[in-house]
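The values are calculated or read from the model by the stated rules, or taken from the named source; none is laboratory data. Being a predicted model, the structure only gives us computed values, none of them experimental. Every residue, glycine as well, gets a Cβ built from its backbone with ideal geometry; the counts of neighbours run over all protein chains shown.
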Amino acid sequence: MEALEYNYVRREILKLTGIDLHGYKSPQMQRRLSAYLLRSGSPTWAHLFRAIRQDEQAIRQLKDYLTINVSAFFRDIERYHYLQRVILPELLQRRASLRIWSAGCSRGQEPYSLALLLADHTSLTSRHRLLATDVDGTALAWAKAGGPYSAEDVVNVPTTLRARFFTEEQGGYRVIESLRRQVSFRQHNLLTAPIEQTFDLIVCRNVVIYFTPEAKNELYSQLYQALRPGGVLFVGATEVIARASEKGFVSKGISFYQRPGGP
Ligand SMILES: C[S@@+](CC[C@H](N)C(=O)[O-])C[C@H]1O[C@@H](n2cnc3c(N)ncnc32)[C@H](O)[C@@H]1O
């Protein structure tokens with residue numbers, strides 16, 4: 001895609017969906033956009049934008065496509081085991097009630113996995129505070145409704161927890177009301193909005209894959225600042241923070257980075 005055309009497409013997408021593609025790696029994003037245009041059957045971007053301007057569902061589809069909502073409960077289960085066995089007990093030793101943030105929470109599988117872990121761990125989830133944010137309002141609405149989630153989504157949920165915290169319905173599995181109440185959902189763009197709170201655990205997994213190195217770098221520095229001393233950042237199974245120690249992080253095993261200090 002030519003630079004001029006890409007600028008035009010980015011501007012129109014911002015107007016239509018509210019998503020600012022600045023900060024996303026352009027070669028990958030351009031490939032995704034070209035594939036989208038091809039699939040749509042429209043001969044040009046101008047034609048496609050005209051065709052979907054009044055079509056809320058098509059705009060939502062474009063948004064879903066751009067933000068890539070793929071997720072699952074307890075994604076990379078062995079990392080969650082490590083969180084449960086090593087990280088959470090250490091954090092709970094420092095502080096009885098934890099503040100946790102799932103940043104880029106998609107349809108809620110990640111924050112509900114965390115709520116399930118806490119329920120299993122401490123039996124009293126309500127003493128902890130769980131914030132979940134995403135740029136995509138459609139995904140958030142899904143999350144707030146507690147689903148429904150497919151059998152594939154919940155495959156890693158232990159059967160005892162599935163029986164306790166989900167109801168089965170035609171479209172799949174839904175998280176029960178009492179667990180839903182444990183999570184506060186909010187729309188938030190990690191590339192543009194400030195982070196106003198501090199946390200004991202920040203979970204930001206599989207979100208930055210399409211960000212430019214500069215945007216990633218800036219975000220990780222901000223996430224460091226948003227951790228309480230002793231707090232931990234949990235990233236995706238294949239994600240590594242470049243020059244983590246220069247930012248102040250100490251590695252806590254694969255996928256976990258700690259801000260040193262604290263009680
Ligand atoms: C692949 S999903 C990952 C979901 C979950 N964290 C996981 O690991 O399973 C990526 C999510 O990041 C969100 N996202 C993408 N860009 C974002 C941004 N700039 N700010 C906040 N969320 C963003 C997408 O909407 C999507 O829900």
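Look at Tyr36 and say whether it is assigned to a helix (DSSP H, G or I) and at pLDDT 90 or above.
Working: assigned to a helix (DSSP H, G or I): yes; at pLDDT 90 or above: yes.
Criteria met by Tyr36.
Residue by residue through segment 91-116, note down the ones that are of a type in the set (S, T, N, Q) and more than 13 Å from the chain's Cα centre (by Cα).
Pass one, segment 91-116, residues of a type in the set (S, T, N, Q): 93, 97, 102, 106, 109, 113.
The answer is Gln93, Ser97.
Assuming Pro43 fulfils every condition listed in (1) modelled with pLDDT of 90 or more; (2) crowded, with 18+ Cβ neighbours inside 10 Å apart from one, which condition is it?
For Pro43, the exception is condition (2).
Taking only segment 85-112 into account, find how many residues are touching a His at 6+ places or on another chain (Cβ under 8 Å) and within 10 Å of the ligand (Cβ to nearest atom).
1
Looking at (1) buried (at least 18 other Cβ atoms within 10 Å of the Cβ); (2) in contact with a Ser or Thr (Cβ under 8 Å, 6 or more places away or on another chain); (3) modelled with pLDDT under 90, which one does Phe185 not meet, given that it meets all the others?
(3)
Look through segment 122-161, keep the residues that are within 26 Å of Thr198 (Cα to Cα) and over 18 Å from the mean Cα position of the chain (by Cα), and return whichever of them is modelled with the highest pLDDT.
In this case the residue turns out to be His128.
Does Tyr82 satisfy the criteria of being part of a helix (DSSP H, G or I), closer than 26 Å to Ser251 by Cβ and within 16 Å of the ligand (Cβ to nearest atom)? Give the derivation first.
Details: part of a helix (DSSP H, G or I): yes; closer than 26 Å to Ser251 by Cβ: yes; within 16 Å of the ligand (Cβ to nearest atom): yes.
Answer is yes for this residue.
Which is out of contact with any Ser or Thr (no Cβ under 9 Å at 6 or more places or on another chain) and surrounded by fewer than 19 Cβ atoms within 10 Å (Cβ to Cβ), of His22, His81? Reasoning before the result, please.
Details: His22 fails: out of contact with any Ser or Thr (no Cβ under 9 Å at 6 or more places or on another chain).
On inspection, the qualifying residue turns out to be His81.
State which residue is nearest to the chain's Cα centre (by Cα) when the search covers only segment 48-69 and only residues that are within 13 Å of Ile13 (Cβ to Cβ), in a helix (DSSP H, G or I) and away from the ligand (no atom under 16 Å from the Cβ).
Ala58
All but one of (1) under 27 Å from Pro260 (Cα atoms); (2) loosely packed, with under 14 Cβ neighbours inside 10 Å hold for Cys204; state the number of the condition that does not hold.
(2)
Here are some residues: Ala193, Ala244. Which one is surrounded by fewer than 20 Cβ atoms within 10 Å (Cβ to Cβ) and out of contact with any helix residue (DSSP H, G or I) (no Cβ under 9 Å at 6 or more places or on another chain)? Spell out the reasoning first.
Working: Ala244 fails: out of contact with any helix residue (DSSP H, G or I) (no Cβ under 9 Å at 6 or more places or on another chain).
That would be Ala193, the only listed residue that is surrounded by fewer than 20 Cβ atoms within 10 Å (Cβ to Cβ) and out of contact with any helix residue (DSSP H, G or I) (no Cβ under 9 Å at 6 or more places or on another chain).
Please note which helices (runs of 4 or more DSSP H) are completely contained in segment 144-263 and include at least 1 residues that are in contact (Cβ under 8 Å) with a residue 12 or more places away in the chain and within 16 Å of the ligand (Cβ to nearest atom).
On the way: elements: 159-165, 177-180, 213-225, 244-247.
Where helices (runs of 4 or more DSSP H) fall fully within segment 144-263 and carry at least 1 residues being in contact (Cβ under 8 Å) with a residue 12 or more places away in the chain and within 16 Å of the ligand (Cβ to nearest atom), they are 213-225.
Out of (1) crowded, with 21+ Cβ neighbours inside 10 Å; (2) within 14 Å of the ligand (Cβ to nearest atom); (3) among the small types (Gly, Ala, Ser), the odd one out for Ala72 is which?
The failed condition is (1).
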